[in-house]
Amino acid sequence: MKTALITGITGQDGSYLAELLLSEGYEVHGVIRRSSTFNTRRIDHLYRDPHGNGEKPRLFLHYGDMGATDTLLDVIYTTKPDEIYHLAAQSHVRVSFDMPEYTGDITGLGTTRILEAIRKSKLNCRFYQASSSELFGSAKPPQNENTPFQPRSPYAAAKLYAYWMTVNYREGYGMYSVNGILFNHESPRRGETFVTRKITRAVASIRAGLQDKLFLGNLDAKRDWGYAPEYLEMMHLLLQQDEPDDFAIGTGEAHSVRDFLDEAFGYVGMDWHKYVEIDPRYFRPTEVDYLLCDPTKARTKLGWEPKIKFHELVRIMVDADLELLNLPKPGEGKRIIDEKFNGWHRWEHQVVSMDK
């Protein structure tokens, strides 16, 4: 049985990756931070018997922090993983402008701390570094593995440092260490402060009468958006190759935030222009206008092709947020009546024709 260690296991990517590895028969260990709130909601279901046959869970959590070398070394030495997936980071681009030093320490130096822990423990394992399309910044699209990096945020600069440290440990110490330069990938598990999830949550909340306005920044920014679970399959695939190599991963299609609004609000028959307002606070000091992946290398060398495209991705996310509020999905032939009661919203399910 293979053993894997995931940093950032409680995040969107970490939770999907844990599911995938458990389904492949791995024993999975995750690093989580010690905090006042035990935020494991994305992985709580993985503690249950996966097959209903009395099988013991193969998921184990360890306290650690990307800023603490000793704890990382201890976790790695104790678990002795065959594969390490380093996903933990301060990963919000806009927040990185407010916390540049912290972002550099956790997102940049955190990677070095793990690489050093692997080297010092003399562990023969494979290491995956979660790189980002933000590395490309203002580089002309489409971007691929040969495109010069032009980072435009503290987050991107920290990820650039982590990228080159991963390359240096590969070349300097013969370590199997790879970078997955993943373009934007979304899902219903996306953090609620990221623009895609912010939009789909607003669609559901506005429809339920819980929210009046949605405040956003740059609507013209274009991104290559894919479906997160498919990208986690690629992470695993990168560590199964005979030789370590770096890959850019994306769909090869780009859409603007404005396009995302059109799809999300249009799906439920709403006009987003009535609800969206521009707030200058959400603009970055330095903007990244256009990120578009050229996935030729992944397609030809790995045979990887994303199945979920933009249109379906948006609907998956909207459906999930509607469901969280017990609202019907478009076309289900019923709607939920909102009745205010003692300051709270009480939901009553009544069958009503959607055509009326």
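The values are calculated or read from the model by the stated rules, or taken from the named source; none is laboratory data. Not measured: the values here are computed from a predicted model. With ideal geometry, Cβ positions are generated from the backbone for all residues, glycine too; neighbour counts draw on all protein chains shown. Calculation scope for accessible area: heavy atoms of the full protein, side chains included, ligands and nucleic acids excluded. Shrake-Rupley method; radii C 1.70, N 1.55, O 1.52, S 1.80 Å.
I'm checking my understanding of the structure. Among residues of region 212-239 that are in a strand (DSSP E or B) and open to solvent by 30 Å² or more (accessible area, probe 1.4 Å), which one is nearest to Ile199 (Cα to Cα)?
Phe215
Could you count how many residues in region 171-210 are assigned to a helix (DSSP H, G or I) and among the hydroxyl-bearing types (Ser, Thr, Tyr)?
4
What are the residues in region 10-24 that are under 11 Å from the mean Cα position of the chain (by Cα) and in a loop (DSSP other than H, G, I, E, B), if any?
Across region 10-24, the qualifying residues are Thr10, Gly11.
Only residues that are of a type in the set (Asp, Glu) and surrounded by 18 or more Cβ atoms within 10 Å (Cβ to Cβ): list them for region 1-26, please.
Passing the criteria: Asp13, Glu19.
Exactly one condition in (1) of a type in the set (S, T, N, Q); (2) open to solvent by 20 Å² or more (accessible area, probe 1.4 Å); (3) over 19 Å from Asn168 (Cα atoms) is false for Thr103; which is it?
The failed condition is (2).
Residue check, Leu46 against (1) surrounded by 13 or more Cβ atoms within 10 Å (Cβ to Cβ); (2) modelled with pLDDT of 85 or more, all met but one. Which one?
Here Leu46 meets the rest and fails (2).
Pull out all pairs, ordered by first then second residue, where Cβ-Cβ is under 6 Å, the residues are six or more apart or on different chains, the first lies in region 311-324 and is closer than 14 Å to Phe265 by Cα, and the second is acidic (Asp, Glu) and crowded, with 20+ Cβ neighbours inside 10 Å.
Close Cβ pairs (under 6 Å, with a partner that is acidic (Asp, Glu) and crowded, with 20+ Cβ neighbours inside 10 Å) amount to Val314/Glu263.
Can you tell me which of (1) in a loop (DSSP other than H, G, I, E, B); (2) without any contact (Cβ under 8 Å) to a residue 40 or more places away in the chain is the one Asn168 doesn't meet?
The single condition Asn168 does not satisfy is (1).
What's the total number of residues in region 255-270 that are open to solvent by 20 Å² or more (accessible area, probe 1.4 Å), in a helix (DSSP H, G or I) and touching a residue at least 60 places away in the same chain (Cβ under 8 Å)?
Matching residues across region 255-270 total 1.
Scan region 184-201 residue by residue and report those that are open to solvent by less than 50 Å² (accessible area, probe 1.4 Å) and over 19 Å from Glu277 (Cβ atoms).
Residues satisfying the conditions are Asn184, His185, Glu186, Ser187, Pro188, Arg190, Gly191.
Working only within region 291-326, note down all residues that are open to solvent by 20 Å² or more (accessible area, probe 1.4 Å) and more than 19 Å from the chain's Cα centre (by Cα).
Selection gives Asp294, Thr296, Lys297, Arg299, Thr300, Lys301, Leu302, Gly303, Glu323, Leu324, Leu325, Asn326.
For region 271-310: of the residues being among the aliphatic types (A, V, I, L, M) and assigned to a helix (DSSP H, G or I), which is nearest to Arg207 (Cα to Cα)?
Within region 271-310, the match that is nearest to Arg207 (Cα to Cα) is Ala298.
If we keep just the residues of region 132-165 that are open to solvent by less than 20 Å² (accessible area, probe 1.4 Å), touching a Leu at 6+ places or on another chain (Cβ under 7 Å) and not in a helix (DSSP H, G or I), which is nearest to Thr286 (Cα to Cα)?
Of everything passing the filter in region 132-165, Phe136 is nearest to Thr286 (Cα to Cα).
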